[in-house]
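The values are calculated or read from the model by the stated rules, or taken from the named source; none is laboratory data. Remember, it's a predicted structure, so these values are computed and weren't measured experimentally. Every residue, glycine as well, gets a Cβ built from its backbone with ideal geometry; the counts of neighbours run over all protein chains shown. Accessible surface is based on the protein model in full, side chains and every heavy atom, while ligands, DNA and RNA are left aside. Shrake-Rupley method; radii C 1.70, N 1.55, O 1.52, S 1.80 Å.
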Amino acid sequence: MSDNTFQTGAIVRKRKPVFAARWVAAAQATGWAVMSIGLFVAFWEFAWWRGWANPLLLPPPHIFLANLTDQFRFFDPNGQRIGALSTGGSIWSVLGVIGWSSMRVFLGLLIGFTASLIVGVGIRYFNIFGKLTLPLITMLAPISPVAWLPVAIFVFGIGNTPAIFLVFISIFFVMVLATLSQIDAVPKHYIQLARVMGASKRQIFLRVILPAILPGLFVTLRMNLFGAWMVVLIAEAVGVGSGLGQVTMMARNTFNASLVFFTMTLIGLTGFLFDQALRLIQRKVLWWIGPSNIGAL
């Protein structure tokens, strides 16, 4: 039997424990998540059973999930109208509304992350550009994204664009400042060593600075993910006319507590899946960092 055969067998034996460990870790994480949510639901149901929670104001899960068909009819899969559908609805209607809200969040995050990285690098690499833009960014950063809502409606009107713009605004200024902070925190000897080895300015950025700042930027992006969801829900309730935010606003106006908590459940699940997807992207993009370090970010 050749040496290559022995090497291949050794590689396969090494991979099996790694995959098994990953499955065990995933199962443990899932178990703890189910236990966490289960305890919360159990306490809520217990509070209803004891009469502490008014079922009209705080209906427990077994009530607002009892008749899903009745809840589904408030969701328009095309994202163009809000209100009870005369023909009823389906799970596809709900997924369609979730898709519209998710699309607005995704595009806002993507544009905001890319633009903030470009602007942050430009400020540090081009002195005149930095002197002209940094004071303005520092002044606009404290302004709440909600305060930009009238501006978004005045400029972009009603539709998807103002919601995407608000998500962009919610992370752009913070991410620019985070980019500057991460660039300044890159160890100087990394750059000096790259220069000694003959690296150009472009190579230093791509091979030294960018890999050094991306882990911190992903952490900042994930920290602002839930804030972006809050902003898009507000935008949908006021300036879009459709989406999960608009359904929540309609449920509040019609005093439909079951629909309120059903929509809140959808928002929570969608936000959780967004965070998990971002963690997966983080693992794929930051391939040079060990899995244990990624899990801690």
**Request:** Kindly provide the set of residues from region 238-260 that are in a helix (DSSP H, G or I) and either in contact with a Pro (Cβ under 6 Å, 6 or more places away or on another chain) or within 11 Å of Ser101 (Cβ to Cβ) (or both), ordered by number.
**Result:** Gly239, Val240, Leu244, Gly245, Gln246, Val247, Thr248, Ala257, Ser258
**Prompt:** Among the residues of region 198-239, how many are under 13 Å from Val105 (Cα atoms) and β-branched (Val, Ile, Thr)?
**Reply:** 3
**Item:** Any chance Gly227 is in contact with an Asp or Glu (Cβ under 8 Å, 6 or more places away or on another chain) and either assigned to a helix (DSSP H, G or I) or buried (at least 24 other Cβ atoms within 10 Å of the Cβ) (or both)
**Value:** no
**Prompt:** Can you tell me which residues in region 117-149 are surrounded by fewer than 14 Cβ atoms within 10 Å (Cβ to Cβ) and β-branched (Val, Ile, Thr)?
**Reply:** Ile118, Ile128, Thr138, Ile143
**Message:** Could you go through region 284-291 and let me know if any residue there is assigned to a helix (DSSP H, G or I), at pLDDT 85 or above and among the hydrophobic types (A, V, I, L, M, F, W, C).
**Reply:** no
**Request:** May I ask you to say which residue of Ile11, Ile82, Ile91, Ile37 is within 19 Å of Leu273 (Cβ to Cβ), modelled with pLDDT under 85 and of a type in the set (Val, Ile, Thr)?
**Result:** Ile91
**Asked** Applying the selection to region 90-108, what residues are in contact with a helix residue (DSSP H, G or I) (Cβ under 9 Å, 6 or more places away or on another chain), closer than 18 Å to Gly268 by Cβ and open to solvent by less than 60 Å² (accessible area, probe 1.4 Å)?
**Response** Val94, Val97, Ile98, Ser101, Ser102, Arg104, Val105
**Message:** Among the residues in region 136-148, are any within 23 Å of Leu278 (Cβ to Cβ) and without any contact (Cβ under 8 Å) to a residue 24 or more places away in the chain?
**Reply:** no
**Prompt:** Which of (1) open to solvent by less than 20 Å² (accessible area, probe 1.4 Å); (2) among the hydrophobic types (A, V, I, L, M, F, W, C); (3) at pLDDT 90 or above does Ala152 not meet, given it meets every other one?
**Reply:** (3)
**Message:** Out of the residues in region 21-65 meeting the condition of being free of Cβ contacts under 8 Å to residues at least 24 places away in the same chain and not in a helix (DSSP H, G or I), tell me which one is nearest to the chain's Cα centre (by Cα).
**Reply:** Pro60
**Prompt:** So how many residues does region 231-255 have that are in contact (Cβ under 8 Å) with a residue 40 or more places away in the chain and surrounded by fewer than 22 Cβ atoms within 10 Å (Cβ to Cβ)?
**Reply:** 5
**Asked** In region 256-273, how many are aliphatic (A, V, I, L, M) and open to solvent by 50 Å² or more (accessible area, probe 1.4 Å)?
**Response** 3
**Asked** Somewhere in region 184-201, is a residue assigned to a helix (DSSP H, G or I), under 30 Å from Ala147 (Cβ atoms) and among the β-branched types (Val, Ile, Thr)?
**Response** no
**Message:** Contact list please: Cβ distance under 9 Å, first residue in region 66-79 and under 18 Å from Ile267 (Cα atoms) and among the acidic types (Asp, Glu), second residue at pLDDT 75 or above and not in a loop (DSSP other than H, G, I, E, B), pairs at least six apart or on different chains.
**Reply:** Asp76/Ser93; Asp76/Gly96; Asp76/Val97
